[in-house]
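Notes follow once the structure below has been shown.
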Amino acid sequence: MDAARHCFAKFGFEATTVDRIAGQAGVSVGLLYRFYKSKAAIIEAIVIEDSEAQFQALAEAIDADALGSIGAAQLVQSSFSETALDPDRIVLMFEVAAAIHRNQELRGFLRRRRAELRASLIDRLTGKGLNREEAAGILARLDMASAIASGVAMHAVINGDASLERSLGEVSALITATLATDR
């Protein structure tokens, strides 16, 4: 998967061949196909790994909240991890998004996966005393914060902004301040 991430970020999903991924990984194409049936399957694996990491960070933030006062602001802060600031990861995520946009099967997979993780986070939040509507509202605001951060990241990558970390930090602070009135 590291080889695929590298190739997708450097060459793009469309220009990356399975041969190129195998070469980067130092394995045969046949061995690669034993683990992944296609490039799309590799994207699925990347999405699963990335979404699991994000889910884990959010779940830990929710679980650490002993008083049941978790709000969108706290979840936004926990979702801005250091990996989110990595320019190579940002480029990779844009390639993944483009591949998902072009591939209906991948799009369906991502929507199902997202719904599963979202339901699990809502269950965790309701377990902390929020009702389902409040929990869904927090996740909707978290989605908006993520969209804003993605836009800042895209702008920084396109413009070669050396201050990506500062820009995302400022966006995080702004979103956190805006959401500070949440429960």
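I need the phi-derived Karplus couplings for region 98-113: 6.51 cos²θ - 1.76 cosθ + 1.60, θ = phi - 60°, integer Hz, Gly and Pro marked x.
Rounded to whole hertz, the list is 5, 5, 5, 4, 7, 10, 4, 5, 4, 4, x, 4, 4, 5, 5, 4.
Compute the FRET efficiency between Arg113 and Asp19 as 1/(1 + (r/R0)^6), taking r as their Cβ-Cβ distance and R0 = 35 Å, and round to the nearest 0.05.
Numbers: r = 28 Å, r/R0 = 0.80.
With R0 = 35 Å, the Cβ-Cβ based efficiency is 0.80.
Pull out the extension gain between Ser38 and His155, defined as 0.36 nm times the separation in residues minus the alpha carbon to alpha carbon distance; nm, one decimal. Don't jump to the answer; show the numbers that get you there.
Values: separation 117, 0.36 × 117 = 42.12 nm, distance 3.10 nm.
Full extension from Ser38 to His155 adds 39.0 nm.
Excluding same-chain residues fewer than 8 positions from Lys10, which lysines have a Cα within less than 19 Å of its Cα?
Lys39
How many nm separate the modelled label positions at Ala140 and Asp88, each set 7 Å beyond the Cα in the direction of the Cβ?
3.9 nm
Any read-out appearing in this document is the output of simple, stated calculations on the displayed coordinates, not a laboratory observation. Quick caveat: nothing in here was measured; it's all calculated off a predicted structure. As a convention, Cβ positions derive from the backbone with ideal geometry for all residues, glycine included, and neighbour counts pool all protein chains shown.
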